[in-house]
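The values are calculated or read from the model by the stated rules, or taken from the named source; none is laboratory data. Everything numeric here is computed off the predicted structure, so don't read it as measured data. Cβ: placed from backbone, ideal geometry, glycine included. Neighbour counts: every protein chain shown.
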Amino acid sequence: MIEILQLLLYGTLLGSIIALGAVGVTLTFGILGFANFAHGDLMTLGAYVCFLIYTQLALPFWLGIAAAVPATIFAAMVIDRVLFRRFRQSRPIISLISSFGAALILRSLIQIVWGTGTYMYSSQIVMAQRFAGLRYKWDQLGIILTTLGIVIGLHLFLGRTKIGKAMRAMADNPTLARLSGIDTERVIVWTWVIGGGLAALAGVFLAMDTRLQPEMGWFLLLACFAAAILGGIGKPMGAIAGGFIIGIMMELSTLVLPTEYSPVVPFAILVVLLLFRPTGLFAGRST
Amino acid sequence: MTGAGLFSYLVFFLTFAGVYALLAQGLNVQWGFAGMLNVGVAAFFAIGAYTSAIVTTSVSAAHLGGFGLPWPLGFLAAMAIAAVLGLMIGIVTLNLRSDYLAIASIGIAEIVRLVLKNEEWLTGGVRGIAGIPRPLDGVVPGENALVLLALVLLLLAVVYWGLERIYRAPWGRVQRAIRDNEAAARAMGKDSLVFRLQAFVIGCALMGLSGAVYAHFVGFISPEAFDPVFATFIVWVMLIAGGSGNNRGAILGAFVIWGVWAGTQFVTNQLPAEYVTQASALRVLLIGVLLQVILIYRPEGLLPERPPRPIWREP
């Protein structure tokens, strides 16, 4: 029993990271109409910028996050300006292929600057706390609580502000949104601000929880896609719910599967979903 | 480099380019003919390589088999297993829009990578499979490297001939119709799922064949040889550079991009040894930038697609 509770805690932790990544995936998928394969490597970039500030320059950790978020947003906007914007008039599938290339460009740039080795933010060993038999670390609780705070903030932003409503409208039906006079380029800028910013946080949290490695974000990308499809494309709150479900399922799967096969879980969920309910649990767009 | 060294490098280069050309042909059936986005090319390539290796190597405790069968059977088994896997993936994803196939196919690539690494009884794990026999060694007189090159080029020619046939046949016309306007094709009574499945399975079988050729050419395979991202990516760049939908373009793209890739190695070899990891990242960066330049300035590729003109007959 306590083992299952422990896995639920780890699953919530992993789910927080996937959820933050999946918001960006579902927004770009819904608003720009293509699956952004570079999203995982945006997470990696965020993690490494924080590594540069916090570990290599020995500045405070909050400064690392404060640098990682705008740097990742900037990178996402540059990619959009230089590449994706040119393909907006062509079929969305061209943007997808381009994003695949952008992912490799980002990753090789990271490898050129930081090399291919694995790093950690801090070499100090933090002892796990114990509460009623459960093991946890303070920064793990910090990740979960920060994510919950962001979810509430995002919910308010999307529900109460004008630009948030415009984003939801466009994610739901881009043609209708354009017809009703929504400034689509402005919505796209905000898509990268939110998607890129949350990707940076997801990357930093992933690096806190595991370690830094040039392929870390790519390996999480499939889970983010699965979460976005599970929640219904274009629905950020659905993607967050999907992220938590997939994170928890991945950890629970270690009860029956060897640990090295837990990356198979998002794929299995995806296949079952595509077979029986391709619109996602919360009935997003079907196309 | 001596004359003989240069010659053997050229044979090596052409054989590898031939393997990539087979891959690009397989991808061309899926993307060029039918507009399906397979991002798991490396997975089907690896499955072909491992299948043929297991079928043809002599009995070993380190992995499943080997069954010591002749290499043509290995090639056929490689195509069959890759095709079966393609069929299973296709049934799940092909009636959805193509993004979902792309997402599902990175999942396949990931699973194949995990199985190659972890299932030692099957694949020998990280130690891989060694001692894969070289086809026609000792059977046909002459330098075996040259014989292999001839075999690769012969396979490539047969595949090219076959693909040109099906591209020009009514089957190819239906594929283009579904790719360009699925609703219209369905309204004409074409079952788009069945046609897509056929194109997808043919493409996967060709990728499996290419993997088998690769395994017998290098004689040793391990999971590291099948980097799921880069192996897939470079084939995509080859096809798009050469011209999606054009079989000759796919071959040309494979030779040109493989030439660029090999050429960058000569350049990065001039760099000091401590920059080795940076150098290989720099080469990937270059290919990534090259793809973007092609997509922006010449999306139709070097040899654009040229569907056969309809033949109008006076009534």
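Here residue B:238 meets each of (1) within 18 Å of the chain's Cα centre (by Cα); (2) of a type outside the set (Lys, Arg); (3) over 15 Å from residue B:16 (Cβ atoms) with one exception, condition (3).
For the structure I just gave you, tell me whether residue A:175 is within 23 Å of the chain's Cα centre (by Cα) and of a type in the set (Ser, Thr, Tyr). When the stated conditions are applied, residue A:175 does not pass them. Determine, yes or no, whether residue A:209 is of a type in the set (D, E, K, R), in contact (Cβ under 8 Å) with a residue 60 or more places away in the chain and within 18 Å of residue A:62 (Cα to Cα). Yes; evaluated as a whole, the condition is true for this residue. Looking at the stretch A:42-57, can you tell me whether even one residue there is surrounded by fewer than 21 Cβ atoms within 10 Å (Cβ to Cβ), out of contact with any His (no Cβ under 6 Å at 6 or more places or on another chain) and within 22 Å of residue A:220 (Cα to Cα)? Checked the stretch A:42-57: at least one residue is surrounded by fewer than 21 Cβ atoms within 10 Å (Cβ to Cβ), out of contact with any His (no Cβ under 6 Å at 6 or more places or on another chain) and within 22 Å of residue A:220 (Cα to Cα).
Being surrounded by fewer than 18 Cβ atoms within 10 Å (Cβ to Cβ), out of contact with any Leu (no Cβ under 8 Å at 6 or more places or on another chain) and more than 14 Å from every other protein chain (Cβ to nearest Cβ), is that true of even one residue in the stretch B:272-293? Yes; the residues of the stretch B:272-293 include at least one that is surrounded by fewer than 18 Cβ atoms within 10 Å (Cβ to Cβ), out of contact with any Leu (no Cβ under 8 Å at 6 or more places or on another chain) and more than 14 Å from every other protein chain (Cβ to nearest Cβ).
For residue B:100, the criteria (1) within 12 Å of chain A (Cβ to nearest Cβ); (2) buried (at least 16 other Cβ atoms within 10 Å of the Cβ); (3) out of contact with any Pro (no Cβ under 9 Å at 6 or more places or on another chain) hold in every case but one, which is (3).
So for the stretch B:295-314 (the condition being modelled with pLDDT of 90 or more, of a type in the set (Val, Ile, Thr) and within 27 Å of the chain's Cα centre (by Cα)), does at least one residue qualify? Scanning the stretch B:295-314 turns up at least one residue that is modelled with pLDDT of 90 or more, of a type in the set (Val, Ile, Thr) and within 27 Å of the chain's Cα centre (by Cα). Where residues in the stretch B:92-109 are polar (S, T, N, Q) and not in a loop (DSSP other than H, G, I, E, B), which of them is nearest to the chain's Cα centre (by Cα)? Ranking the qualifying residues of the stretch B:92-109, first place goes to B:105. Yes or no: the stretch A:268-279 includes at least one residue that is within 26 Å of residue A:192 (Cα to Cα) and within 9 Å of chain B (Cβ to nearest Cβ). Yes, the stretch A:268-279 contains a residue that is within 26 Å of residue A:192 (Cα to Cα) and within 9 Å of chain B (Cβ to nearest Cβ).
Name the residues in the stretch A:91-138 that are at the interface with chain B (Cβ under 8 Å from one of its Cβ atoms), among the small types (Gly, Ala, Ser) and more than 25 Å from residue A:25 (Cβ to Cβ), would you? Listed by number, the list holds a single entry, A:115. Considering A:248, A:240, A:229, the condition of being modelled with pLDDT of 90 or more, surrounded by 18 or more Cβ atoms within 10 Å (Cβ to Cβ), in a helix (DSSP H, G or I) and within 11 Å of chain B (Cβ to nearest Cβ) is satisfied by A:229 alone. Do we have residue B:43 as under 16 Å from residue B:104 (Cβ atoms), crowded, with 20+ Cβ neighbours inside 10 Å and either touching a Ser or Thr at 6+ places or on another chain (Cβ under 6 Å) or not polar (S, T, N, Q) (or both) here? Spelling it out, residue B:43 is indeed under 16 Å from residue B:104 (Cβ atoms), crowded, with 20+ Cβ neighbours inside 10 Å and either touching a Ser or Thr at 6+ places or on another chain (Cβ under 6 Å) or not polar (S, T, N, Q) (or both). Scanning the stretch B:123-143 for residues that are away from every other protein chain (no Cβ under 14 Å) and exposed (fewer than 15 other Cβ atoms within 10 Å of the Cβ) yields a total of 9.
A count restricted to the stretch A:36-58 and to residues that are among the polar types (S, T, N, Q) and within 29 Å of residue B:99 (Cβ to Cβ) stands at 2. Exactly one residue out of A:121, A:54, A:48 is among the hydroxyl-bearing types (Ser, Thr, Tyr) and closer than 22 Å to residue B:284 by Cβ: that is A:48. Answer yes or no as to whether residue B:107 is modelled with pLDDT under 90 and either more than 23 Å from residue B:179 (Cα to Cα) or in contact with a Cys (Cβ under 9 Å, 6 or more places away or on another chain) (or both). When the stated conditions are applied, residue B:107 passes them. Of all the listed residues (B:302, B:295), the sole one being at negative phi, out of contact with any strand residue (DSSP E or B) (no Cβ under 6 Å at 6 or more places or on another chain) and in a helix (DSSP H, G or I) is B:295. Evaluating residue B:273 against the criteria (1) at pLDDT below 90; (2) in contact with an Asp or Glu (Cβ under 8 Å, 6 or more places away or on another chain); (3) not acidic (Asp, Glu) leaves one unmet condition, (2). Of all residues in the stretch B:103-122, which are among the hydrophobic types (A, V, I, L, M, F, W, C) and facing another protein chain (nearest Cβ under 10 Å)? Correct list: B:103, B:104, B:106, B:108, B:109, B:111, B:114, B:115. Of all residues in the stretch B:247-271 being surrounded by fewer than 24 Cβ atoms within 10 Å (Cβ to Cβ), polar (S, T, N, Q) and away from chain A (no Cβ under 14 Å), which is farthest from residue A:116 (Cα to Cα)? Checking each candidate, the answer is B:270. Can you tell me which residue within the stretch B:212-244, out of those that are in a helix (DSSP H, G or I) and within 15 Å of residue B:57 (Cα to Cα), is farthest from the other protein chains (Cβ to nearest Cβ)? Restricting to residues being in a helix (DSSP H, G or I) and within 15 Å of residue B:57 (Cα to Cα), the top hit is B:216. Taking the criterion of being within 16 Å of residue B:214 (Cα to Cα) and more than 22 Å from the chain's Cα centre (by Cα), the residues of the stretch B:131-144 that qualify are B:131, B:136, B:137, B:144. Counting the residues of the stretch B:186-208 that are not in a helix (DSSP H, G or I) and not hydrophobic (A, V, I, L, M, F, W, C) gives 3. When the stretch A:58-73 is filtered for residues that are among the aromatic types (Phe, Trp, Tyr) and surrounded by 14 or more Cβ atoms within 10 Å (Cβ to Cβ), only A:61 remains. Selection of the stretch B:47-82 for residues being without any contact (Cβ under 8 Å) to a residue 60 or more places away in the chain and among the β-branched types (Val, Ile, Thr) yields B:55, B:59.
For every residue, the table says whether it meets (1) within 21 Å of residue B:155 (Cα to Cα); (2) of a type in the set (Gly, Ala, Ser); (3) in contact (Cβ under 8 Å) with a residue 12 or more places away in the chain.
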{"site": "B:216", "(1), (2), (3)": "yes, no, yes"}
{"site": "B:229", "(1), (2), (3)": "no, no, yes"}
{"site": "B:233", "(1), (2), (3)": "no, no, yes"}
{"site": "B:265", "(1), (2), (3)": "no, no, yes"}
{"site": "B:268", "(1), (2), (3)": "no, no, yes"}
{"site": "B:274", "(1), (2), (3)": "no, no, no"}
{"site": "B:280", "(1), (2), (3)": "no, yes, yes"}
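Could we say that residue A:210 is hydroxyl-bearing (Ser, Thr, Tyr), in contact with a helix residue (DSSP H, G or I) (Cβ under 9 Å, 6 or more places away or on another chain) and under 26 Å from residue A:122 (Cβ atoms) here? Yes; evaluated as a whole, the condition is true for this residue. For the stretch B:212-232, a tally of residues being buried (at least 23 other Cβ atoms within 10 Å of the Cβ) and among the hydrophobic types (A, V, I, L, M, F, W, C) returns 5.
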